Amino acid sequence: MGELFNIFLKSVFIENMVLAYFLGMCSFLAVSKSVKTAMGLGAAVVFVLTLTVPINWVINTYLLGPSGVFKTDLTFLRFILFIATIAASVQLVEMVVEKFSPALYSALGIFLPLITVNCAILGGALFMVAREYDFAEAATFGFGSGVGFALAIVVMAAIREKIRYSDVPAPLRGLGIAFILTGLIGMAFMSLMGINPANYMN
Amino acid sequence: MSEVATKKEGLFGKKERKMLIDPLNDNNPITVQVLGICSALAVTTLVSKALVMTIAVIFVLAFANLIVSLLRKGIPKQIRMIVQLVVIATLVTVVELTLKAVDYPIWKELSVYIGLIITNCIVMGRLEAFAMANKPWQSFLDGVGNGLGYGIILILVATAREIFGKGSFMGFQIIGPSADYLIDTTTNPWFSWYMPNNVMVLPAAALFVIGIIIWIQRSRNPKLIDIS
């Protein structure tokens, strides 16, 4: 249990997908204009990551691995199968959002289908493989990374809502200042890299 | 959500030219549409990498747009993402294998990033926003235009990062201490006034550089300024 909590903490704060690894930048920068939309996208990403990382773990272990059903090493199919899983679950999310929250659907616009090609999602699946997590760890990691993304995008949206009242040079307003802010936050996050919460738990 | 182009007036009418030119500045994929940022952070440490990436993206984008536009009436809405991804993945595989056959050393250096064109949101972004609602020829031009717009920013960012981060351009040392110049600047402290700055090699620096590019672009082109 402690180990799982450690993975969760690490994936949310220390190895944050957006701020430490700079994955999923497109939707992070484009949808962080208002806190409300940011929360919508954050929730969608949490859902998709929590769903796809464990599914991809099962695919990777029982379908593609040498000890899987086919008894052969099929890992060259990893990209295609991972992406197919992700596309299917994003399609599902899109249909649900369109049905239950048309306002959010139109606010997210093109960036809702683009969750499919959000590097953070595929990155989550590939990190899960690289770090050799077991099922529970993979599920925790997926959920944690999603929460990390949601947290980062909501924080960014809050900053951008505030900065609207600041005296930013006109051509830099909006997107430009968002880029520079993300760079600054990212540099701050670099100093957190390498901290292991397990060392502080006892 | 989708931008529908109206009737065309021949192969290279005004509309078609606009489709090619617009993404270079007024509707740039990176600085205006906010698409394809991840790869702009990853491949811009060296200009040569950025160049190969640009060519690969232009190819994938143009033909993915063309193919999806040809198929657009037959794709059911519920499975369109999977269809789009299959098209993209096929084209990316073609590019990767071609590069492997043509130039093995560059393939070795770039294979991961070429594979990641599949998840480059600029490709699927243009498919969703343009190719699903427009005719094949327009979609093809839109793909080429957006690929070029993406490439311009990529090469600008890579130039800034390579010169200030490594002191070189296209692999040739041009500033910073080096023994390759006429005067050996490693031994003479008067000529080695600039030390390559490692911050520029970090992904965060790419964000700063793109931020500054946006600043310059918008001050020259005031209609892009965000008024909200």
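The values are calculated or read from the model by the stated rules, or taken from the named source; none is laboratory data. All values derive from a computational prediction rather than experimental measurement. We place every Cβ from the backbone using ideal geometry, glycine too, and count neighbours over all the protein chains shown.
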Reported set for region A:24-38 where residues are aliphatic (A, V, I, L, M) and either modelled with pLDDT of 90 or more or loosely packed, with under 15 Cβ neighbours inside 10 Å (or both) is A:35, A:38
Check whether at least one residue in region A:61-75 is assigned to a helix (DSSP H, G or I), within 14 Å of chain B (Cβ to nearest Cβ), at pLDDT below 85 and surrounded by fewer than 20 Cβ atoms within 10 Å (Cβ to Cβ), and report yes or no.
yes
State whether the residues of region A:165-184 include one that is of a type in the set (S, T, N, Q), surrounded by 14 or more Cβ atoms within 10 Å (Cβ to Cβ) and away from every other protein chain (no Cβ under 14 Å).
no
Considering only helices (runs of 4 or more DSSP H) fully contained in region B:9-72, which possess at least 3 residues that are more than 19 Å from residue B:136 (Cβ to Cβ)?
B:37-42, B:47-71
Filtered residues of region B:97-145 (kept if among the charged types (D, E, K, R), more than 14 Å from chain A (Cβ to nearest Cβ) and buried (at least 20 other Cβ atoms within 10 Å of the Cβ)):
B:142
Odd one out for residue A:38 among (1) in contact with a Leu (Cβ under 6 Å, 6 or more places away or on another chain); (2) part of a helix (DSSP H, G or I):
(1)
Selected residue [out of contact with any Lys or Arg (no Cβ under 9 Å at 6 or more places or on another chain) and either aromatic (Phe, Trp, Tyr) or at pLDDT 90 or above (or both)] from B:159, B:186
B:159
Any chance residue A:147 is among the β-branched types (Val, Ile, Thr) and without any contact (Cβ under 8 Å) to a residue 60 or more places away in the chain:
no
With criteria (1) closer than 25 Å to residue A:89 by Cα; (2) in a helix (DSSP H, G or I), residue B:110 comes up short on (1)
Out of region A:108-133, which residues are touching a residue at least 40 places away in the same chain (Cβ under 8 Å) and not hydrophobic (A, V, I, L, M, F, W, C)?
A:118, A:123, A:124, A:133
Quickly run through region A:15-35 and pick out the residues that are within 12 Å of the chain's Cα centre (by Cα) and assigned to a loop (DSSP other than H, G, I, E, B).
A:15, A:16, A:17, A:18, A:19, A:20, A:21, A:22, A:23, A:24
Mind listing whichever residues of region B:43-62 are within 11 Å of the chain's Cα centre (by Cα) and among the aliphatic types (A, V, I, L, M)?
B:43, B:50, B:51, B:52, B:53, B:55, B:56, B:57, B:58, B:61
So, residue B:85, is that one within 13 Å of chain A (Cβ to nearest Cβ), surrounded by 20 or more Cβ atoms within 10 Å (Cβ to Cβ), in contact with a Pro (Cβ under 6 Å, 6 or more places away or on another chain) and under 30 Å from residue A:18 (Cα atoms) or not?
no
Number of the condition not met by residue B:29 [criteria: (1) in contact (Cβ under 8 Å) with a residue 60 or more places away in the chain; (2) out of contact with any Gly (no Cβ under 7 Å at 6 or more places or on another chain)]
(2)
Number of the exception - residue A:12 against (1) buried (at least 22 other Cβ atoms within 10 Å of the Cβ); (2) within 13 Å of the chain's Cα centre (by Cα); (3) part of a helix (DSSP H, G or I)
(1)
